[in-house]
1. Name every residue in segment C:25-63 that is in contact with a strand residue (DSSP E or B) (Cβ under 8 Å, 6 or more places away or on another chain) and modelled with pLDDT under 95, in order of residue number.
2. Output the number of residues of segment B:103-135 satisfying the condition of being within 17 Å of residue B:14 (Cα to Cα) and either modelled with pLDDT under 95 or in a loop (DSSP other than H, G, I, E, B) (or both).
3. Before we move on, is residue B:289 on the phi > 0 side of the Ramachandran plot and outside the structural domain of residue B:145 (by TED's automatic domain parsing)?
4. Spot the failing condition for residue B:312; the list is (1) more than 26 Å from residue B:162 (Cα to Cα); (2) in contact with a strand residue (DSSP E or B) (Cβ under 8 Å, 6 or more places away or on another chain); (3) surrounded by 16 or more Cβ atoms within 10 Å (Cβ to Cβ), and only one is missed.
5. Which count do you get for residues in segment B:258-286 that are buried (at least 23 other Cβ atoms within 10 Å of the Cβ) and part of a loop (DSSP other than H, G, I, E, B)?
6. How about segment B:1-102: which strands (runs of 3 or more DSSP E) wholly inside it have at least 1 residues that are under 30 Å from residue B:205 (Cβ atoms), touching a strand residue (DSSP E or B) at 6+ places or on another chain (Cβ under 6 Å) and more than 11 Å from every other protein chain (Cβ to nearest Cβ)?
7. Considering only segment B:264-285, state which residues are over 23 Å from residue B:169 (Cα atoms) and in contact (Cβ under 8 Å) with a residue 12 or more places away in the chain.
C-alpha cells in the first residue's frame, strides 16, 4: 500500500461527505502510482476533483467528454507507444456507471476489442448522481431513483443491473474484476495486478453514494460491505477468461443491505418485492459460488 | 516532383510527409481512400505511425484528442454524418486548444441520405472554434494540409484546422500535382513541440470545469486567436512560397476582380468552373471576376470588403443552407459591408450544387445573368420545380 | 493567453473543505490505536495521517465530518464528537 506517500488525489476536492467514489478513486490512483495518466469521463468524479482553478490530481489527468474516456485513453496509449514510453507509464480510463455502462459502452467496447494496454475503471454508484440520481443501466432492481420512481403502481427500477463485467469478459480481454471500497487491500491488489498485465483490463468498483442512496455519510463502508455479504455485489476476478477468485461470504439476508438506504425504503411495505431481490442475491451466490464452506445460501 | 494522382492519395502522401505519430479514422464515403492509403503506408513500414482503428467517428476524434494531448502530432479525416457524429468532440478539441489537422471530404447531410458533395457538413460546424479552409483543386488541397499543420501548432495559435475538400470532385478527381519534397516539408514543418501535454514529470489537469467566473474568457481567447490567424496567414503563405515556389494569399484569392463589373464569390472546387466561365466571357470583353474565399474561419471580412467595395454587382454562391434564413456565406459577405462607406449596388445570393447537383458552366452563366437585376436572396440555381409537385395523398 | 484551461496538480489544497462540517468531527482518542492505517486509507478526503500507534489525527481544515474513520476503526479509538462552535468558526475563516 502506498499510504506513506503523499496521496495522488489531494484533499480539498468537493465530493459530498462520505463519498464512496472519492475513497475508491484515491485508492485506485495511489495503487497505480505517479507514473500514470488518467482519462476521466464527465461525472461527479470529474466535477468534484477539477473545478477550475483547482485540481485534486497529482498525476497527469484529462477530461474530455461524458462517453469518450476509453477512446481518449486509447489516443494517449497510442501516443505513448509512438514515443516509446508505454512500458513505463500506466494509462487508466475511468468513469461512473452511466459513463461506462450506458453512454460510454461503445467506446469501451472499441478499446477492449483493440487490445490496447489500458485499465478501465468503472466507479459504480448505480445511478446518474451528478445530474440528480437518474436511473442508469447499472441501477439495481427496484431502486427508487428520480427517473425510476417508486409510486402507486411502481416499485422503482424495473430491470436488474446490466452485466458489465460479463460484457467486458466477452471481449476476450486478459483481466476483469469487481471490487468495492469496503475491501481496500483487495481493490488495490486488483488495480496493481491489472496494471501488471499487458492489454485491456476492466475493473468495476462498487461505491456507495450517500446522497443518491439516501444513507448517512458514516455508513458508506458499512453499506458497501453489506452489498457484498448479502450476495448482491459479487466480488469476482477473471484472468484470461477464467474465474480465478471470488470473495467468499456467509450470506446475510438482503434486508441487511436494503434497510439503511432510502432508495429501497418503499420495499419494506412489500415483502414480496424484497423476496425478488433475495432471489437475485441467491442467484449470484449460486452462479459464482460465493457461499463459504458449510454455509447454505439463503 | 510532378505526379498524376487521385486527390485522396495526394492527401495521404502529404499527410505521410507531415509524419503524424497517431492516425485514427472511421470509414465514410468519400473519405475512405485517403485513410486506406495511410493504413497502407503504416502497414508497409513507410510511415512510422500508430494507426488506431475505431468503432465510430466519435472515438476517432477522441483518440486524436488524446494523442495530441499526450504531445504527438495526429491526423483524422471524415465526412458528412461522420463529422456530425464527431461534433461534440470537434468543439471539445478546439475548446481545449489542441492542434490537429482534419480532412473533411465535403458531403451532403441526411435526410435524404446522399453521398454526394455540398458544404453542409463543415459549414454546420463553423462555430466550433476550428480554422476552416476550403480548397479549389488538388495542388491547393495538398499545400493547405501542410500549411495547416504549421498554423495549428504555432504556439500563438494552438487551434485545430479543418481542410475542407469537395467530396468526389476533389477526393476522387485526378490531377497533376507537384508533391512537396519531403526534405522541404521537414524544413517548413519542424517536429511538434507541444506547449503543454500530459506528462508524468509535470502532471497538469486538462479539461477542468469552468464555472461562470471562468468560462467566457476561454471563448473570447479563441475568438481573438482567429483574428491572429488573419494576421499570420499572409506571413505563413509567404514563407511557404519561398520554400515551395507557389504563392497563396491564404485567406482569399482574387481572379480578374480589379476592373470587374460583376464578381462571383465562391468557395471550393466550383471556383475552377467559375474561372473557366470568366476566361470565356473575358475573351468576349465581359468584365467579370471571381473572389474565392479560402479561409471561411476565421472569416476574412476586411479582405473581402477591400476586394469587393468598388464592384457594382456581386453574386455569392452557397453550397449549403441555413434553412429558414439567409445562406451562410452570403449572409457573412453581406455583413462585411454593414456600416461601411462603400458597398456593391447588388449582393445577390445563389444556392448551387446542393447534394451533388452538377454545377455546370451554364449554371454559372445563369448566375451572372441573374446578378444584373435587383438583389436576390437564396436564389436556387438548377432547381427542378416539377419534383416539388409530388403528392402524398 | 488561452484562458483558464489547465489546472495545477494538487491545487485543490487551497480549498478548505473543513468549513463544510456541521454536526460532528472525529476525535482521535490515541489510546488503543494499533496503527492499522485503515482510517488513513478510507478517508474520502485523504486528510488523515500518522506514523506510530496513537499518533494518528485528521486535518480539520479538510475533514467534512463523514464519520467513516470512526466506523472503520477496529479498536473504536476514534469517536465522532459534537462540532465545537469555536472550531467551526475558526475553519470558516481559513
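The values are calculated or read from the model by the stated rules, or taken from the named source; none is laboratory data. Just so you know, these numbers come straight off a predicted model, no measurement behind them. Quick reminder, even Gly has a Cβ in these numbers, built from the backbone with ideal geometry, and neighbours come from all protein chains shown.
1. Those that are in contact with a strand residue (DSSP E or B) (Cβ under 8 Å, 6 or more places away or on another chain) and modelled with pLDDT under 95: none in segment C:25-63.
2. Adding up the residues that qualify gives 1.
3. No, not satisfied.
4. That leaves (3) as the condition not met.
5. Going through segment B:258-286 one residue at a time, the tally reaches 4.
6. B:22-25, B:74-78
7. Answer for segment B:264-285, where residues must be over 23 Å from residue B:169 (Cα atoms) and in contact (Cβ under 8 Å) with a residue 12 or more places away in the chain: B:281, B:282.
Results for (1) within 30 Å of residue C:14 (Cα to Cα); (2) within 7 Å of chain B (Cβ to nearest Cβ), shown as yes or no for each residue.
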| residue | (1), (2) |
| --- | --- |
| A:43 | yes, no |
| A:47 | yes, yes |
| A:101 | no, no |
| A:106 | no, yes |
